[in-house]
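*Asks:* Can you keep this structure in mind? I'll have questions shortly.
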Amino acid sequence: MAENRTRAGHVLVWEQADMATDEGIRPAKRFGSRHYIVFMLFLGMANAYVMRTNMSVAIVAMVNQTAIEKEAELLDDECPDTDYGEDSGSDPDDDGEFVWSTSMQGYILSSFFYGYVITQIPFGLLAKRYGAMRFLGWGMLINSVFAFVVPVAARNGGAGWLIAVRFIQGLGEGPIVPCTHAMLAKWIPPNERSRVGSIVYSGAQFGTVISMPLSGLLADHGFDGGWPSIFYVFGIIGTVWSVAFLLTCHEDPVSHPSIREDEKKYIQQSLWGNASVHIPPIPWTSIAKSLPFYAILLAHLGQNYGYETLMTELPTYMKQVLRFSIKTNGVLSALPYLAMWLFSIVVGWVADWMLTSGRVNHTWTRKISNSIGQYGPAIALIVASYTGCSRALTVAILTIGVGLNGGIYAGFKINHLDLTPRYAGVLMAFTNCSANLAGLLAPIAAGNIIEGKPTIAQWRIVFVIAACVYIFTATFYNIFASGQRQPWDNPENDEPQKPSIEAPAYAPSTIAGQASNGTTASDTLTHRTVNEQQS
């Protein structure tokens, strides 16, 4: 089952998971170029989610809640006023400057995702053709620069202009997930995928953890009226990261000018699918018939609907039902995502240990991780919807539930790379686009359900719907998911490449030539031995 390719003095083979664990080719255990790429992608994911979530906290400070409550809210008398604490209620003097209904707030919160989903598939395809790094960097730069425009648009143009600016920010953030996935496919060996994928994508939770409490503090004590400082501060941070990423990161190990040779060899020998290997046209028909692909798609749909319900609506729930102050609101809203960030990293390491130990195969590792990641928050949402006025218990349950959600990163989230390393970025573009279409419905649905009656009973409907979506999609994933590379991505089925002018890979002259070019004959013979064992 092996395919030989001669390129740059190396013999590249298909299915090299065993080679990746061979200590003879592993580079010295130190911070390498791939680790720097992982670090920057982590920060990029964090920046992306900061830009996505800061509006959830800011809108609480932007809106005149007192005017809306007097006009539309039905008072919920299930909880006595004393349960909320003496200073947890809203001070009318602290109310925002905009009178937007709950449903209008839902449209403002979801406008970002309209732009975000439009660019998913185009950038996934462009990244395959032209590379992912620059699309990611320039997209995030656009996103960051337009953050400075948010306060101006809201104050001078109202909700309509604000929606337009958030839409443009979403367009800029579109490349973040498909391009990140495409870069991981080029930089990360198979035996490091679970933990590296968990680390990179846990940047989403890290960004949320930073964004929510800091946004709450800026809304209370920031400049220019408080809430505008949220967008100015994070706009500066995002701009600095974008420029640094464009100047210091590289598309793949081959194009990196200063990567150590042992690290480059390790990555190339672990991955056939680097930029130097020919990638044939995308097998659209086979992908369209692939049940494992649909398992990822459904799991991604369920994840985004549930996650966006919590991410965009949790600050509002904290204020309307649990009556937390805006500062406390931001801190407590971030607690579940802090738990998710930490748990996702732990699950990633455990998943890679399960794989390298040989105790569990890829398919069951993905299913076990994903079950924890989706059934956990589903149960928590259902339980939290019945905790009533117990603020501490509600926050604790939501923190545990969202924390368990971190299992998805070692589950469906990295599963694209198992099915098809060569087309992982394209598949991620399709699943992420579809998932965010479901995700943008979440704040709209919640806004309309609680419109005029933000009671515990109405919020229970919001939570139970999200829980049911989690359960259905996770069950579908467990039935049809696979961790095996799919037949339609078998390099042996590719059309033969034009023969190299050099001698064949096994010829003595080639071995001698490799030795003269910096690759020793013993290295090449070692590669041949592993290759023959896999055959």
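The values are calculated or read from the model by the stated rules, or taken from the named source; none is laboratory data. Here the structure is a predicted model, which is why all the values come from computation and not from measurement. Positions of Cβ are backbone-derived with ideal geometry, glycine not excepted, and every protein chain shown enters the neighbour counts. Heavy atoms of the whole protein, side chains included, go into the accessibility calculation; ligands, DNA and RNA do not. Shrake-Rupley method; radii C 1.70, N 1.55, O 1.52, S 1.80 Å.
*Asks:* Would you check which residues across region 246-264 are open to solvent by less than 40 Å² (accessible area, probe 1.4 Å) and closer than 13 Å to residue 188 by Cα and list them?
*Replies:* To start, the set of residues in region 246-264 that are open to solvent by less than 40 Å² (accessible area, probe 1.4 Å) comprises 246, 249, 251-253, 256, 259, 263.
Matches in region 246-264: 251, 252, 253, 263.
*Asks:* Please work out which residue is modelled with the highest pLDDT, limiting yourself to region 422-461 and to residues that are surrounded by fewer than 24 Cβ atoms within 10 Å (Cβ to Cβ) and aromatic (Phe, Trp, Tyr).
*Replies:* 430
*Asks:* Then there's this: Just to check your reading of the model, which residue among 298, 291 is in the same structural domain as residue 479 (by the TED database) and crowded, with 19+ Cβ neighbours inside 10 Å?
*Replies:* None of the other options fit; the residue is 298.
*Asks:* Another question about this same structure. Under 6 Å between Cβ atoms, which residue pairs at least 6 apart in sequence (or on different chains) link something in region 210-232 that is without any contact (Cβ under 8 Å) to a residue 60 or more places away in the chain with a partner that is crowded, with 24+ Cβ neighbours inside 10 Å and assigned to a helix (DSSP H, G or I)?
*Replies:* The qualifying pairs are 218/230; 229/218.
*Asks:* Against the condition buried (at least 24 other Cβ atoms within 10 Å of the Cβ), at pLDDT 80 or above, under 21 Å from residue 400 (Cα atoms) and β-branched (Val, Ile, Thr), how does residue 309 come out, does it pass? Outline the logic, then answer.
*Replies:* Numbers: buried (at least 24 other Cβ atoms within 10 Å of the Cβ): yes; at pLDDT 80 or above: yes; under 21 Å from residue 400 (Cα atoms): yes; β-branched (Val, Ile, Thr): yes.
Taking the combined requirement at face value, the residue satisfies it.
*Asks:* Do we find a residue being under 24 Å from residue 356 (Cα atoms) and either of a type in the set (D, E, K, R) or outside any loop (DSSP other than H, G, I, E, B) (or both) anywhere in region 236-244?
*Replies:* No, region 236-244 contains no residue that is under 24 Å from residue 356 (Cα atoms) and either of a type in the set (D, E, K, R) or outside any loop (DSSP other than H, G, I, E, B) (or both).
*Asks:* Across region 430-465, what is the number of residues that are part of a helix (DSSP H, G or I) and closer than 21 Å to residue 111 by Cβ?
*Replies:* First, pick out the residues of region 430-465 that are part of a helix (DSSP H, G or I): 430-449, 456-465.
Pick out the ones that are also closer than 21 Å to residue 111 by Cβ and you get 432-449, 462.
The number of residues fulfilling the criteria is 19.
*Asks:* Sticking with this one: Give the residue that is nearest to residue 378 (Cα to Cα), with candidates limited to residues of region 436-477 that are in contact (Cβ under 8 Å) with a residue 12 or more places away in the chain and polar (S, T, N, Q). Full working, then the answer.
*Replies:* First pass over region 436-477, keeping only residues in contact (Cβ under 8 Å) with a residue 12 or more places away in the chain: 436-456, 459-474, 476-477.
This time we only want the ones that are polar (S, T, N, Q), so: 436, 448, 455, 473.
Values: 436: 19, 448: 21, 455: 21, 473: 11 Å.
Checked region 436-477; the qualifying residue nearest to residue 378 (Cα to Cα) is 473.
*Asks:* What single numbered condition from (1) open to solvent by less than 20 Å² (accessible area, probe 1.4 Å); (2) under 22 Å from residue 299 (Cα atoms); (3) at pLDDT below 90 fails to hold for residue 394?
*Replies:* Residue 394 satisfies all of (1) open to solvent by less than 20 Å² (accessible area, probe 1.4 Å); (2) under 22 Å from residue 299 (Cα atoms); (3) at pLDDT below 90 except (2).
*Asks:* State whether the residues of region 109-124 include one that is touching a Phe, Trp or Tyr at 6+ places or on another chain (Cβ under 7 Å) and free of Cβ contacts under 8 Å to residues at least 60 places away in the same chain.
*Replies:* Among the residues of region 109-124, at least one is touching a Phe, Trp or Tyr at 6+ places or on another chain (Cβ under 7 Å) and free of Cβ contacts under 8 Å to residues at least 60 places away in the same chain, which makes the answer yes.
*Asks:* Read through the list (1) out of contact with any helix residue (DSSP H, G or I) (no Cβ under 7 Å at 6 or more places or on another chain); (2) crowded, with 24+ Cβ neighbours inside 10 Å, then give the number of the only condition that residue 157 fails.
*Replies:* The failed condition is (2).
*Asks:* Does region 214-238 hold any residues that are within 20 Å of the chain's Cα centre (by Cα) and open to solvent by 30 Å² or more (accessible area, probe 1.4 Å), and which are they?
*Replies:* Answer for region 214-238, where residues must be within 20 Å of the chain's Cα centre (by Cα) and open to solvent by 30 Å² or more (accessible area, probe 1.4 Å): just 237.
*Asks:* Would you be able to tell me the number of residues in region 94-141 that are open to solvent by less than 60 Å² (accessible area, probe 1.4 Å) and under 26 Å from residue 446 (Cα atoms)?
*Replies:* 20
*Asks:* Another one. What about residue 144, is it modelled with pLDDT under 80 and either open to solvent by less than 10 Å² (accessible area, probe 1.4 Å) or outside the structural domain of residue 127 (by the TED database) (or both)? Even if it seems obvious, please write down each step before you answer.
*Replies:* Numbers: modelled with pLDDT under 80: no; either open to solvent by less than 10 Å² (accessible area, probe 1.4 Å) or outside the structural domain of residue 127 (by the TED database) (or both): yes.
It is false that residue 144 is modelled with pLDDT under 80 and either open to solvent by less than 10 Å² (accessible area, probe 1.4 Å) or outside the structural domain of residue 127 (by the TED database) (or both).
*Asks:* Let me ask something else. Is region 383-406 home to any residue that is under 26 Å from residue 124 (Cα atoms) and either part of a helix (DSSP H, G or I) or out of contact with any Gly (no Cβ under 9 Å at 6 or more places or on another chain) (or both)?
*Replies:* yes
*Asks:* Which ones in region 248-263 are over 23 Å from the mean Cα position of the chain (by Cα) and assigned to a helix (DSSP H, G or I)?
*Replies:* 261, 262, 263 - these are the residues of region 248-263 that are over 23 Å from the mean Cα position of the chain (by Cα) and assigned to a helix (DSSP H, G or I).
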